[in-house]
Amino acid sequence: MRRVVFALPLLALLLVATVTADNVTVSATVQGYLTATFNYNTVSFGELTAGTTDSPAPNQADGVYNVTIDANGEFEVEAYGSDFSDGVHTLAINNLKMDTDTDPANLNVNNAVALSTSVQTIDTNIPYTTTTHYHGFWLSIPSNQPAGTYTTTVTITYSLV
């Protein structure tokens with residue numbers, strides 16, 4: 001009898017139930033981010049003559065109008081502004097054009113978008129990376145524009161697409 005009692009606990013160790021594992025889905029959502037640090041806050045065209053068309057902002061070919069971008073998704077650039085004013089007269093904002101590029105040498109008035117009082121898409125589906133993004137500006141002055149010092153405020157927005 002002693003042999004039987006000893007054999008039962010040994011047999012119980014050999015008959016341990018097997019647990020079957022199931023597949024478990026693990027997920028995480030990575031939130032998008034974008035930071036834009038403007039490295040300029042003024043664009044001054046200096047003195048322009050009435051009747052000039054698409055005068056480039058001074059030194060834009062040197063990349064002075066730039067923004068440092070850090071993003072983890074494709075992004076776009078939008079801009080709008082109010083009409084220029086000298087306190088008495090106005091100059092329509094659509095006389096100002098804007099282009100963006102990752103190389104200031106590629107800024108081109110032919111790719112530029114005329115600004116408006118409503119939001120205009122300047123560039124979109126820009127690949128994400130940490131980069132310096134350059135801005136180009138061109139201003140036209142109608143031939144009948146009264147003399148004066150005109151100013152406006154342009155709002156430029158970077159956002160993920």
A convex hull over the alpha carbons of the chain yields, per residue, a volume in Å³ of 172
Can you compute the label reach from Thr37? Point 7 Å from Cα along the Cβ direction, backbone N cut-off under 16 Å, restricted to segment 119-161. 129-134
Under 10 Å, Cα contacts only: if you run a Gaussian network model on the chain, which one of Asn23, Asn125, Asn111 comes out with the highest mean-square fluctuation? Asn23
5 Å is the cut-off here: which amide hydrogens, built 1.01 Å from N in the peptide plane, fall below it relative to Thr52, excluding neighbours closer than 5 in sequence? Ile141
Nearest-0.05 FRET efficiency for Asp62 and Ser27 at R0 = 41 Å, using Cβ-Cβ distance, is 0.30
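Lys and Arg at +1, Asp and Glu at -1: add these up for the other residues within a Cβ distance under 12 Å of Asn95 and post the number. Write out the running numbers ahead of the final one.
Working: positive: Lys97; negative: Asp54, Asp83.
Its environment carries a net charge of -1.
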Explain nothing, just the number: relative contact order of segment 31-160, from Cα pairs under 8 Å at least 6 residues apart, as a whole percent. 38
Under a point spin-label approximation (7 Å from Cα along Cα-to-Cβ), what is the Thr117-Thr53 distance to one decimal in nm? 2.6
Quick one: Cα centre-to-centre distance for segment 98-114 and segment 137-161, in angstrom? 15
Helix 2-14 sits off the longest principal axis of the Cα atoms of the chain, rounded to the nearest 10 on a 0 to 90 degree scale, by 20
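FYI, it's all coordinate maths here, none of it is from the lab. No experiment lies behind these values; they were computed from the predicted model shown. FYI the Cβ positions are ideal-geometry reconstructions off the backbone, even for glycines, and counts take in every protein chain you see.
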